[in-house]
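What follows is one structure encoded as structure tokens, with my remarks underneath.
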Amino acid sequence: VRKTEGLTASFLGSFADLGEGGVDAAGAADFLLKRGSEFEARVRGVFELYRRFRDRIKPIGLDSISLFSEAIERAGSIETKYAFFGFGLYDFNELQWRLISEVSKHHPFTFFVPYGDGEEYAFARPTLERFAGMGFDIMEGPKSGRLVTASRVRIVNAPGEEEESRAIVERIIALVRERGYAFSDVAVLLPTADPYQDLVCEALGEAKIPFFAHANPLSVESSVAKGILNLLPLLRGGFKRGELIDFLSASPLRREGAVPRAVDAVALWIKASAEEGISAVGDEWEKESMELVEKLSRRSTGGDDRFFDAARFVHGVISRILGERKRFLTPSSWTDFTERLISLAVELFGNEDDPAYEYLNAIPTLDAVASPVLFETFASVVGKVLSAPAPPTARFGEGVSVLPMISVRGLRFKAVFIPGLVERVFPSIVRQDPLLLDEDRRKINEFFEGKVLLTEKMERLDEEKLIFAMAMNAAEDFLQMSYPRYEDGTGRPRMMSSYFRFVVQDDGSAGRGAARYPAGIDEERIGRFIGVGVEGSRRPISPQELFLSGAGRFLGGDGIVPVGSFFKAASKMVRERWGKKRFTRYDGVLQGKKAQRELKRLMVDGGWAFSPTSFEQYARCPFAYFLSRVLGVETIDEVDMISVTPALRGIITHRILARLYEKLGSEGLFPLYSADREVVMNVVDEVVLSELGKAEESEPVGLDVFWELEREKIREAVYFFVDAELEEDSPFVPSYFERSFGVGAGEDVSFELKSRKIHFRGRIDRLDVSRDASEFRVIDYKTGKLNGKYDGIEGGRHIQLPIYLIAASSILNIPIEKGVAEYRSVNMMSPGKVVRFEGAEWGEVASELVEVIETFVEGMTKGLFFALADEKLCQNCALRSACPAGHTGATYRKAEADERAERYLAVTGAAEK
Ligand code: SF4
């Protein structure tokens with residue numbers, strides 16, 4: 001349990017439910033004795049563990065259950081002068097009911113419970129019934145039956161969460177300007193804090209609008225907390241260069257005269273260490289960073305000591321952490337780990353008044369629960385503690401209120417915005433407690449005959465309906481609900497929340513609740529681009545966006561070109577690019593010293609490791625490689641989610657095949673040709689159905705009708721694939737699945753070039769070995785249509801299969817010549833199609849492969865990223881909108897005139913074009 005965080009969380013969740021539901025240790029023991037045998041071992045096990053857990057916790061006290069129990073016991077002794085009011089509450093756990101009951105015996109107690117006739121209020125009804133049963137008078141409040149509804153309602157569909165948040169700010173500005181609202185008349189109600197809390201606050205901040213928001217995490221408010229969170233990976237992980245740089249850059253390191261304040265020692269160290277190619281893991285850093293100090297010391301005699309001082313300073317930090325790291329390796333008490341961490345943090349960061357230390361000081365109480373613990377466990381708790389919310393810094397009512405949706409109970413605002421209304425977020429995915437199912441909970445409640453109340457998890461959906469209704473009803477004048485089409489960052493398509501059907505049906509007709517908005521509901525779809533003449537685009541919310549929209553209008557033939565240094569600089573770049581016959585840095589050729597250093601650093605940080613697909617991408621278009629692999633540009637398609645994308649289909653099919661072949665192996669069904677066909681097909685059925693079910697739960701699979709078709713397609717392709725292998729009398733046995741190779745995967749797969757040694761990394765879908773272990777076969781599943789035959793490495797465009805052969809040969813220690821690498825189609829558009837590269841052909845491609853890779857690595861290091869793809873490729877290129885191509889003719893003329901492109905053109909064959 002200690003090592004499985006998810007399981008620990010499940011147990012703690014069930015224990016909390018039992019405690020809040022009114023079960024104590026004695027009650028658990030009684031249940032086990034009298035009725036335990038009627039329940040499964042799982043339920044009995046939970047009760048037995050819970051009984052022991054409460055026995056251990058109770059003497060310590062201070063947990064919420066103990067505090068509540070104590071409050072219930074003391075309720076009768078509260079001084080008599082108090083009257084009690086409960087506001088905005090609609091459900092209670094059993095301990096809360098007991099407290100209410102005890103208090104109300106001695107004091108006047110009045111509750112305000114949300115109530116209405118509609119289905120959305122169903123969740124609050126049992127609460128009213130229980131109050132009535134306890135003898136409370138039930139009275140209608142003065143506003144009952146007079147539902148306040150917004151006079152204007154908008155539903156906004158935005159491309160992503162960021163656009164959605166900015167559209168909210170744009171509308172707030174319009175409401176304030178046009179309708180005279182104060183900012184405090186407006187609330188943004190968030191179904192989930194992540195990512196909207198940050199995005200909305202950021203956009204409000206950019207527009208200089210005052211706002212009150214629920215607290216930020218401590219890690220945002222406290223630099224020491226940030227430093228400690230970045231220190232943890234160094235103390236428990238591999239101490240990799242990336243981790244070290246993250247730590248150095250994000251931490252408030254104490255200088256104490258080591259380097260002058262004005263000098264950014266960390267930046268200088270990063271620069272110097274990259275130039276010297278310094279990279280290490282773990283304890284090797286001590287030696288490597290010392291060597292850097294010595295090198296810089298020899299050079300610093302010229303007068304510039306800044307680099308030397310920076311290296312000495314960072315070396316001191318590294319040594320201190322490495323020295324302490326060893327002491328965190330062995331299990332210890334919470335107190336000991338906390339003291340050591342605080343002492344190290346004070347030494348590194350100082351700032352002893354920072355609230356982060358106060359938060360950490362609460363951790364040692366855990367010794368009373370379990371001790372000693374692994375550093376892993378300790379670090380995960382520190383992570384959670386320091387990510388907890390810090391107290392809010394502004395006051396409610398001082399500007400726009402940004403609140404969790406749940407906290408709106410009973411509040412009213414002139415304008416309310418509800419973003420993030422997407423399916424699976426709101427309504428959320430409600431799962432039963434795996435340890436105590438709803439059915440078990442019902443039976444347990446029966447056993448305790450009303451003294452215990454375990455809530456059923458599926459009731460959460462009814463609660464969300466109520467929260468949504470209250471959020472909508474909080475708007476007195478204007479209500480805007482919105483959802484993103486895509487998830488920012490991943491680009492995954494999202495589906496609008498089914499709650500919208502309350503007001504608008506899928507076919508656009510009015511929903512059940514639409515009648516309450518007689519003025520109608522406006523719908524608006526906003527585009528991704530701003531101010532460039534795109535229909536439905538937003539209005540600017542900051543000066544930068546104002547300039548950009550001005551430029552858009554100018555391009556549309558309206559207005560004048562905006563003034564400002566940004567636009568002057570941009571037009572200068574355009575002139576510089578097209579005024580030269582040779583490639584410039586605006587064509588993807590980066591030969592400045594700084595760029596070259598950065599590129600080298602990138603290679604060093606990556607350990608000079610490359611995937612076959614990265615070379616293939618460079619072969620097809622070096623500029624596409626630059627955008628995606630150097631700058632990290634990602635593409636997000638603007639299409640509505642109707643069906644599964646080809647990429648997702650590929651992912652699901654690969655998952656199915658990996659699990660399927662593992663299972664066939666574990667059930668002893670290899671070789672397939674000698675296995676019982678029916679048994680094999682039963683396994684196929686089981687795995688395919690289970691994986692498709694999982695995909696449906698966790699992936700954006702689109703509309704039901706299309707998903708049904710897609711399921712069939714995937715199922716048919718996998719059946720056909722396995723069927724073909726059942727017929728194949730092959731000497732090979734599938735032995736490895738989704739086998740990673742190269743950096744971080746155990747063995748080094750390297751390749752000696754003339755200039756340097758490089759390493760390969762990647763993942764092989766399947767690796768088969770012959771029964772006598774003398775031959776091997778690499779299989780790569782292709783879920784798109786597969787055509788043609790293997791026709792050489794084509795100037796680097798097709799090197800995946802030969803590189804897989806090198807990797808497999810290295811993993812298995814069998815000569816390359818004894819291997820074969822194949823693409824196998826798992827698609828009914830090319831059923832049974834195989835493209836094969838034989839190891840026996842290795843001699844024919846080896847020298848060309850070396851030449852190609854040598855040229856590419858040199859180009860990548862020297863900053864040669866020409867935008868030199870052919871027009872067909874450009875037409876289908878997902879990166880097109882970030883690429884200055886579209887001038888193919890002019891670009892090829894530059895290539896002819898520029899000797900730096902000569903080698904690339906020759907090896908890729910592009911010269912002939
Ligand atoms: S549009 Fe063409 S030139 Fe530009 S990145 Fe894509 S493939 Fe390369």
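The values are calculated or read from the model by the stated rules, or taken from the named source; none is laboratory data. Only a predicted model underlies this, so the values are computations on that prediction, with no experimental measurement involved. Cβ sites come from the backbone with ideal geometry, for glycine too, and all protein chains shown count toward neighbours.
Here is a list of conditions, (1) surrounded by fewer than 17 Cβ atoms within 10 Å (Cβ to Cβ); (2) in contact with a strand residue (DSSP E or B) (Cβ under 9 Å, 6 or more places away or on another chain), and Arg125 meets all of them except one; can you say which number that is? Checking Arg125 against (1) surrounded by fewer than 17 Cβ atoms within 10 Å (Cβ to Cβ); (2) in contact with a strand residue (DSSP E or B) (Cβ under 9 Å, 6 or more places away or on another chain), the one that fails is (2).
Taking the stated definitions as given, is Ser497 modelled with pLDDT of 80 or more and of a type in the set (S, T, N, Q)? Walk me through how you get there before you give the answer.
Details: modelled with pLDDT of 80 or more: yes; of a type in the set (S, T, N, Q): yes.
Against the criterion (modelled with pLDDT of 80 or more and of a type in the set (S, T, N, Q)), Ser497 qualifies.
Among the criteria (1) out of contact with any strand residue (DSSP E or B) (no Cβ under 9 Å at 6 or more places or on another chain); (2) more than 16 Å from the ligand (Cβ to nearest atom); (3) among the small types (Gly, Ala, Ser); (4) at pLDDT 90 or above, the one Ala609 does not fulfil is (1).
The set of residues from region 138-154 being at pLDDT 85 or above and more than 29 Å from Thr110 (Cα to Cα) comprises Arg152, Val153, Arg154. Against the list (1) within 16 Å of the ligand (Cβ to nearest atom); (2) basic (Lys, Arg); (3) surrounded by 15 or more Cβ atoms within 10 Å (Cβ to Cβ), the condition Arg893 fails is (3).
From the list Arg601, Arg649, pick out the single residue that is assigned by TED's automatic domain parsing to the domain that holds Arg771, in a helix (DSSP H, G or I) and either within 16 Å of the ligand (Cβ to nearest atom) or in contact (Cβ under 8 Å) with a residue 40 or more places away in the chain (or both). Answer to the check: Arg601. Evaluating Ser750 against the criteria (1) assigned to a strand (DSSP E or B); (2) small (Gly, Ala, Ser); (3) farther than 19 Å from Pro612 by Cα leaves one unmet condition, (3). Among residues that are surrounded by 13 or more Cβ atoms within 10 Å (Cβ to Cβ), near the ligand (Cβ under 10 Å from one of its atoms), closer than 24 Å to Leu599 by Cβ and in contact (Cβ under 8 Å) with a residue 40 or more places away in the chain, Ala867 is included.
Has region 787-795 got at least one residue that is without any contact (Cβ under 8 Å) to a residue 60 or more places away in the chain and under 30 Å from Gly238 (Cβ atoms)? Step through it out loud before you land on a result.
Residues of region 787-795 that are without any contact (Cβ under 8 Å) to a residue 60 or more places away in the chain, as a first pass: 787-793.
Cutting the leftovers down to under 30 Å from Gly238 (Cβ atoms) gives us none.
No, every residue in region 787-795 fails to be without any contact (Cβ under 8 Å) to a residue 60 or more places away in the chain and under 30 Å from Gly238 (Cβ atoms).
Here is a check on your reading of the model: is Ser847 more than 16 Å from the ligand (Cβ to nearest atom) and not assigned by TED's automatic domain parsing to the domain that holds Thr783?
no
All conditions but one from (1) among the β-branched types (Val, Ile, Thr); (2) assigned by TED's automatic domain parsing to the domain that holds Val224; (3) in contact with a His (Cβ under 9 Å, 6 or more places away or on another chain) apply to Val402; the one that does not is (2).
Condition first: closer than 30 Å to Leu437 by Cβ and out of contact with any helix residue (DSSP H, G or I) (no Cβ under 8 Å at 6 or more places or on another chain). Can you find one or more residues in region 76-88 that meet it? No, region 76-88 has no match at all.
Out of all the residues in region 778-785, is one or more at pLDDT 90 or above, β-branched (Val, Ile, Thr) and either outside any loop (DSSP other than H, G, I, E, B) or closer than 23 Å to Val907 by Cα (or both)? Scanning region 778-785 turns up at least one residue that is at pLDDT 90 or above, β-branched (Val, Ile, Thr) and either outside any loop (DSSP other than H, G, I, E, B) or closer than 23 Å to Val907 by Cα (or both).
Close Cβ contacts (under 7 Å, 6 or more residues apart or on different chains) running from residues in region 344-365 that are free of Cβ contacts under 8 Å to residues at least 12 places away in the same chain to residues that are of a type in the set (Val, Ile, Thr) and assigned to a helix (DSSP H, G or I) comprise Glu352/Val346.
Among the numbered conditions (1) under 30 Å from Ile853 (Cβ atoms); (2) away from the ligand (no atom under 16 Å from the Cβ), the only one that Val630 does not meet is (2).
Among the residues that make up region 674-697, is at least one of them within 16 Å of the ligand (Cβ to nearest atom), crowded, with 16+ Cβ neighbours inside 10 Å and not hydrophobic (A, V, I, L, M, F, W, C)? Looking through region 674-697, none of the residues is within 16 Å of the ligand (Cβ to nearest atom), crowded, with 16+ Cβ neighbours inside 10 Å and not hydrophobic (A, V, I, L, M, F, W, C).
Among the residues of region 264-272, is any within 27 Å of the chain's Cα centre (by Cα), closer than 25 Å to Glu324 by Cβ and in the same structural domain as Ala345 (by TED's automatic domain parsing)? No, there is no match, as no residue in region 264-272 is within 27 Å of the chain's Cα centre (by Cα), closer than 25 Å to Glu324 by Cβ and in the same structural domain as Ala345 (by TED's automatic domain parsing).
If you go through region 322-332 one residue at a time, do you hit one that is within 31 Å of the chain's Cα centre (by Cα), among the small types (Gly, Ala, Ser) and in a strand (DSSP E or B)? Within region 322-332, not a single residue is within 31 Å of the chain's Cα centre (by Cα), among the small types (Gly, Ala, Ser) and in a strand (DSSP E or B). Pick from region 870-882 the residues that are hydrophobic (A, V, I, L, M, F, W, C) and near the ligand (Cβ under 6 Å from one of its atoms): which of them is nearest to the chain's Cα centre (by Cα)? Ranking the qualifying residues of region 870-882, first place goes to Leu879.
Having 3 or more residues that are under 16 Å from Val369 (Cβ atoms) is the bar; report the helices (runs of 4 or more DSSP H) wholly within region 1-60 that clear it.
Details: elements: 5-20, 25-35, 41-57.
It comes to 5-20, 41-57.
Counting only helices (runs of 4 or more DSSP H) that sit wholly inside region 812-913, those with at least 3 residues that are within 23 Å of Asp765 (Cβ to Cβ) and aliphatic (A, V, I, L, M) are 842-862.
Can you name every residue in region 572-589 that is closer than 25 Å to Ala274 by Cβ and either more than 16 Å from the ligand (Cβ to nearest atom) or out of contact with any helix residue (DSSP H, G or I) (no Cβ under 7 Å at 6 or more places or on another chain) (or both)? Result: Arg585, single match.
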